[in-house]
1. Tally the DSSP beta bridges in the range 161-299 and give the antiparallel ones as a percent, rounded to 5.
2. Using just the helices of the chain, give the 222 nm mean residue ellipticity in deg cm²/dmol: DSSP H runs with n ≥ 4 each add -39,500 (n - 2.57), and the total is spread over all residues, rounded to 500.
3. Taking the alpha-carbon distance from Lys387 and a cut-off under 17 Å, which lysines remain once sequence neighbours fewer than 8 residues away in the same chain are dropped?
4. If you average the alpha carbon positions of the range 285-347 and of the range 415-437, how far apart do those two centres end up, in angstrom?
5. Under a 1.4 angstrom probe, counting protein chains only, how are Thr83, Thr156 ranked by accessible area, largest first?
6. Taking the Cα centre of the range 94-166 as origin and charging only Cβ (+1 Lys, Arg; -1 Asp, Glu), how large is the dipole, in debye to the nearest 20?
7. How far is it, in nm, from the label point at Asp340 to the one at Thr156 when both lie 7 Å from their Cα along the line to the Cβ?
8. Tell me the label-point distance for the pair Thr140, Ala397, using the 7 Å Cα-to-Cβ offset, in nm and rounded to one decimal.
Amino acid sequence: MGRLFGTDGVRGVANADLTAELALGLSVAAAHVLAEAGTHEGHRPTAVVGRDPRASGEFLEAAVVAGLASAGVDVLRVGVLPTPAVAYLTGALGADLGVMLSASHNAMPDNGVKFIARGGHKLSDELEDRIETLYEQHRTGEPWARPTGAGVGRVTEYAEGFDRYVAHLVAVLPNRLDGLKVVLDEAHGAAARVSPEAFARAGAEVITIGADPDGLNINAGCGSTHLEPLKAAVVEHGADFGIAHDGDADRCLAVDASGEEVDGDQILAVLALAMREAGQLRKDTVVGTVMSNLGFKVAMEREGIHLVQTAVGDRYVLESMKAEGYALGGEQSGHVIVLDHATTGDGTLTGLLLAARVVATGRTLADLAGVMQRLPQILINVPDVDKSRVATSPELATAVEEAERELGDTGRVLLRQSGTEPLVRVMVEAADIDQARSVAGRLADVVKSALG
């Protein structure tokens, strides 16, 4: 059996790859791994369970709740809420674990099970491996101690989760948002109620699109992966700017008043300067990934802010932040982590903090985002190649060296192996987009010939 856990939980086509049986079995295993570590005399383990609005989330939630309760875990069902809300409530309520049912920005047929550890933190690889091993043992027939009678878990609706999370978001803001007009694209997802409510409570005038989830339309032509509707709405309504989330609202991308995109790197740059000004940017450091735009690195160096770069994935950003005590990190895709207020990327919190900076400075988002100039970035996926030989191919190494010499100090080359497919990603940045496109095309050809 291949590894079930990917970069962010277990995902697949709901009812085909991700079945009710799999969700139930994983939940039993997760209960044993994550809850029993904190069990002591008289303690009843508790889990917070939430989901995004996908239709398949209804039966998968039922399976997860059944698995947890059968393992003796009391369940607090919070309903449709963002991933960061489930993480926050897991920590705030002192729960032993949390479970979020979502496939994030994926299309509707997919779904996923994401487990959250005590305190609201993502799982380490070691914990995921333990859950997977135990799941496989149970699947192949190894018995486990099943509680009976009063020992089984009880299931409770926790409707207060919505207000508690929104109140937390608003309390974090350094200033109100009165006088601001903002368009919010909720991707017909988990933040369809949360984000508009938080912005409105903070004083903003709110216009929403993509805020009518029906279980089938999540991420469909809207949200952070489809910014065109948001761009049009911002211009149409004369808004100060717009915010787009993905299906589980752990991402935030923005659009300025003229309809121009403001990506995760630019948002990080704006927040880094704001947090340093407030004395909150510990060690004057921000954490990004190797995919962070070179323009972001140049801007941070110019502003005297150190950039630490990790492997791609917000979990690796978070690991670096926790290990070194950094306060801010994120990805170009819009996963932004403000560790003093969230244990994971939080799209609504990020949007609120960005809005607060606009109001506090009296400057436009376009002006603030101008702190960095994005360099053209060309990404080419090369399929059907032996990705394991990326680091050992002499032909490829020579081609990369020649490309880097050609680009000089104004560009860079990055080759990445896909985590799940026989695929190599060729990424080239350069001040001149034609040069970037030319170099990327040549490198893609070499990858195909050398590794195909």
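The values are calculated or read from the model by the stated rules, or taken from the named source; none is laboratory data. Note that the structure is a prediction, hence the values are computed from the model and not measured. We place every Cβ from the backbone using ideal geometry, glycine too, and count neighbours over all the protein chains shown. Surface areas here come from the heavy atoms of the whole protein model, side chains and all, with no ligands, DNA or RNA. Shrake-Rupley method; radii C 1.70, N 1.55, O 1.52, S 1.80 Å.
1. 40
2. Calculated at 222 nm, the ellipticity per residue is -11500 deg cm²/dmol.
3. The qualifying lysines are Lys448.
4. With the range 285-347 and the range 415-437 each reduced to a Cα centre, they are spaced 21 Å.
5. Most to least solvent-accessible, the answer reads Thr156, Thr83.
6. That gives a dipole near 220 debye.
7. 3.3
8. A separation of 4.0 nm, rounded to one decimal place.
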